[in-house]
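A quick write-up on the structure given underneath.
The values are calculated or read from the model by the stated rules, or taken from the named source; none is laboratory data. Only a predicted model underlies this, so the values are computations on that prediction, with no experimental measurement involved. Please note: Cβ atoms are built from the backbone with ideal geometry, for glycine as well, and neighbour counts cover all protein chains shown.
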Amino acid sequence: MEILGIVWRLKAVTVRDVHDELLKTQSIAETAVRSQVEYMVEKGFLKVVDERRPQKFAATLTKDQVSEAFVAVARRLLGDSMDGFLVRLLKQRKLPSESDVRKTKALLDELE
């Protein structure tokens with residue numbers, strides 16, 4: 001998922017771009033990144049957008065689509081226990097931005 005986050009942020013990326021970004025937080029071989037990118041293409045999470053060398057890749061899914069999929073999985077796994085999960089999720093965020101707080105409050109108001 002970290003690779004997908006990098007691709008969303010940078011739009012069209014090479015394996016080297018992804019590798020350089022990952023090196024900022026961890027030690028990882030470029031060959032491992034290449035393998036993960038190829039796997040993500042094979043599974044349909046990424047697509048090749050430029051065949052010239054070095055190839056460029058882009059996401060096939062938006063953040064909203066991935067979020068919806070996570071919510072669907074959480075509902076199937078947790079059923080009626082979603083409320084506790086949501087509370088823990090909100091508490092884990094270190095310092096939510098003012099924008100996040102406003103959006104969350106607006107959503108909660110909408111649900112009432």
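For region 56-112, the set of residues classified as surrounded by 12 or more Cβ atoms within 10 Å (Cβ to Cβ) and touching a Phe, Trp or Tyr at 6+ places or on another chain (Cβ under 8 Å) consists of A59, T60, L61, A74, L78, listed by residue number. With respect to the conditions (1) under 12 Å from the mean Cα position of the chain (by Cα); (2) at pLDDT 95 or above, S35 falls short on a single one, namely (1). Report yes if A32 is surrounded by 13 or more Cβ atoms within 10 Å (Cβ to Cβ), out of contact with any Cys (no Cβ under 7 Å at 6 or more places or on another chain) and of a type in the set (G, A, S), otherwise no. So A32 does not fit the description; no. Residues of region 28-44 that are out of contact with any helix residue (DSSP H, G or I) (no Cβ under 6 Å at 6 or more places or on another chain) and in a loop (DSSP other than H, G, I, E, B): A29, K43, G44.
Of the residues making up region 35-46, those that are surrounded by 13 or more Cβ atoms within 10 Å (Cβ to Cβ) and either without any contact (Cβ under 8 Å) to a residue 24 or more places away in the chain or outside the structural domain of D20 (by TED's automatic domain parsing) (or both) are E38, V41. Just one of (1) at pLDDT 80 or above; (2) in a helix (DSSP H, G or I) fails for D100. It is (1).
Yes/no per residue for (1) under 26 Å from L89 (Cβ atoms); (2) not hydrophobic (A, V, I, L, M, F, W, C):
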position	(1), (2)
V15	no, no
E21	yes, yes
E30	no, yes
Q36	yes, yes
V41	no, no
R53	no, yes
T62	yes, yes
E68	yes, yes
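When L78 is tested against the conditions (1) in contact with a helix residue (DSSP H, G or I) (Cβ under 6 Å, 6 or more places away or on another chain); (2) closer than 30 Å to V33 by Cβ, the lone failure is (2).
Restricted to region 55-96, and to residues there that are of a type in the set (F, W, Y) and part of a helix (DSSP H, G or I), the residue that is nearest to the chain's Cα centre (by Cα) is F70.
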